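Notes to accompany the following structure.
The values are calculated or read from the model by the stated rules, or taken from the named source; none is laboratory data. Bear in mind that the values here come from a model prediction, so they are computed numbers and not experimental data. Note that we place each Cβ from the backbone using ideal geometry, even for glycine, and neighbour counts take in every protein chain shown. The accessibility values were calculated without ligands, DNA or RNA, using every heavy atom of the protein model including side chains. Shrake-Rupley method; radii C 1.70, N 1.55, O 1.52, S 1.80 Å.
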Amino acid sequence: MPDALDATPYDALLLLSFGGPEGPDDVVPFLENVTRGRGIPKERLKEVGQHYFLFGGVSPINDQNRALLDALRKDFAEHGLDLPVYWGNRNWAPYLTDTLREMVADGRRRILVLATSAYASYSGCRQYRENLADALAALEAEGLPLPKIDKLRHYFNHPGFVEPMIDGVLRALEDLPEDVRAGAHIAFTTHSIPTSAADTSGPAETHGEGGAYVEQHLDVAEVIAGAVRERTGVDHPWRLVYQSRSGAPHIPWLEPDICDHLEERHAAGVPAVVMAPIGFVSDHMEVLYDLDTEAKAKAEELGLPVRRSATVGADPRFAAAVRDLITERAAVERGQDVTPCALGALGASHNLCPVGCCPARAPRPAAAGADSPYA
């Protein structure tokens, strides 16, 4: 048996994710959850839902989270980490509040949260913290004991997250025809967000053009491109590009869009492109539709060879990274000196989101941060 790893003071891990429909009848109710408060008509939601209907009304994200749960539990058992793992979603079953209620009933009082978003941003971090505060408020209204909740730091530059993406880019390059492989460019993709949200992402000292959101993605892209260069001997040009824009046309969002980028690269005579979705933990709907469907159709129209590299998903190295992040954070909570693991130029992210980090669109309580109303 492996030596036991110490997760004290924590007694559970919560995998916190976005959620997604699991059948055609779920699509519109799911989108109503996502857009609640924005006054979007149901007919418009049915139009937006066409992306899901192309895939039978099923988002892959829930099955991918189930696979990650299995990988985490397997890794923890093999390495002597006695920490139960739960799962809750923002927008679909299993809902976060229901899961927290279950955890409290099971006697869990010190909970670590792993969000399926690796980078700093309002939607990728603070909004999840707001969801946690909402769930705690619901439990408080029911008279239930409230657990203390902490969120694991951003893991965008942890080796267990980055190394699988390096391997994915290498495999995608190898899959290109040999006559275009050496000249291939790499398009590192992530979810576009409003420029105003990007500019205020991360702690206040990082605010400015692109904020921590762009800075962190660029750092990861540089690490991956450098590793590819070292392992192949070829210096592939690259750029950070964006996908999945969903806002009103008059609101500036991060650009260039992946399809526009493919057109520009083709016009410049680039022989091939590898699309590397570094902003996504797994192959959920934005990857399947915006890259595997739309972007690949654009490339076919252009006659431009493209390949899409794999996301991290349930790679055992990512599960091991989560284990490392847990034991690191637990040691910090116990007052021990810790050397956090991180690649690139930025170093490890903060453990506790400071005041002013990824500020809300409108003031709302957020748990698991320096401004949390739930100490």
For region 52-68, 3J(HN,Hα) per residue [Karplus equation, 6.51 cos²θ - 1.76 cosθ + 1.60, θ = phi - 60°, Hz, x = Gly/Pro]: 6, 5, 4, 10, x, x, 10, 7, x, 5, 5, 5, 5, 5, 4, 5, 5
Cβ-based charge dipole, the chain, positive-most Cα from 195, 139, 358: 139
Among 232, 116, 195: highest mean-square fluctuation, GNM of the chain, C-alpha pairs under 10 Å: 232
Per-residue HN-Hα couplings for region 196-212 [Karplus 6.51, -1.76, 1.60; θ = phi - 60°; Hz; x = Gly/Pro]: 5, 6, 5, 5, 10, 7, x, x, 4, 5, 9, 5, x, 4, x, x, 5
Degrees separating the helix 127-141 axis from the principal Cα axis of the chain, which is the longest one: 20 degrees
Integer Hz, Karplus 6.51/-1.76/1.60 couplings in order for region 74-86, x for Gly and Pro: 5, 4, 4, 5, 5, 10, x, 9, 8, 9, x, 10, 10
Other-chain or far-sequence residues with amide H under 5 Å of residue 238's (modelled H): 186
Label-to-label distance, nm, for residues given as residue 345 and residue 78 (7 Å Cα→Cβ offset): 3.6 nm
Residues with amide H under 5 Å from that of residue 14, placed H, sequence gap 5 or more: 86, 112, 113, 114
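Take the Cβ-Cβ distance between residue 293 and residue 360 as r, set R0 to 30 Å, and report the resulting FRET efficiency rounded to the nearest 0.05. Write out the running numbers ahead of the final one.
Values: r = 33 Å, r/R0 = 1.09.
For residue 293 and residue 360, the calculated efficiency is 0.35.
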Calculated FRET efficiency for the pair residue 137/residue 196, C-beta based, R₀ 22 Å, to 0.05: 0.20
For region 192-246 and region 54-89, distance of Cα centres in Å: 27 Å
Inter-label distance for residue 230 and residue 370, nm, one decimal - labels placed 7 Å from Cα along Cα-to-Cβ: 3.4 nm
Nearest-ten-degree value, helix 159-175 long axis tilted from longest Cα axis of the chain: 20 degrees
Label zone at residue 35, where the point sits 7 Å out along the Cα-to-Cβ direction: region 51-84 residues whose backbone N lies under 15 Å: 51-53
Residue-normalised accessible area of region 1-87, given per residue in Å² at a 1.4 Å probe: 51 Å²
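Mind checking the full-extension length gain between residue 302 and residue 250? Use 0.36 nm per residue of separation minus the Cα-Cα distance, one decimal, nm. All intermediate terms of the calculation are to be shown ahead of the outcome.
Details: separation 52, 0.36 × 52 = 18.72 nm, distance 2.83 nm.
Gain in length upon complete extension: 15.9 nm.
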For the chain, built as a Gaussian network whose Cα springs stay under 10 Å, the top-fluctuating residue of 239, 171, 231: 231
Apportionment of accessible area to carbon and sulfur, the chain, percent (1.4 Å): 51 percent
Estimated distance in nm for a label pair at residue 109 and residue 337, the labels positioned 7 Å out from Cα along Cα-to-Cβ: 3.2 nm
Among 339, 206, 311, residue whose mean-square fluctuation peaks in a GNM of the chain (springs only between Cα atoms under 10 Å): 339
Nearest 10 degrees, 0 to 90: helix 96-105 Cα axis against the chain principal axis: 30 degrees
Fraction in percent of alpha-carbon pairs per bin - 5 Å, region 17-136: 2, 10, 17, 20, 20, 16, 8, 4, 2, 1, 0
Other-chain or far-sequence residues with amide H under 5 Å of residue 202's (modelled H): 121, 212, 358
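When a/c reaches 1.5 or more, the comparison of a/b and b/c decides; with that in mind, is region 295-375 rounded, prolate or oblate per its Cα gyration tensor? If you can, show how the numbers build up before the last one.
Working: a/c = 3.02, a/b = 1.61, b/c = 1.88.
Oblate.
Over region 209-341, give the accessible area per residue in Å² for a 1.4 Å probe, as an integer. Numbers along the way, then the final one.
Working: 5790 Å² over 133 residues.
Solvent-accessible surface per residue comes out at 44 Å².
Tell me what the chain gives for mean residue ellipticity at 222 nm when only DSSP H runs of n ≥ 4 count, each as -39,500 (n - 2.57), the sum divided by the residue total, rounded to 500 deg cm²/dmol. Spell out each step's value before the answer.
Working: 13 runs with 145 residues, N = 375.
Roughly -12000 deg cm²/dmol at 222 nm, from the helical runs in the chain.
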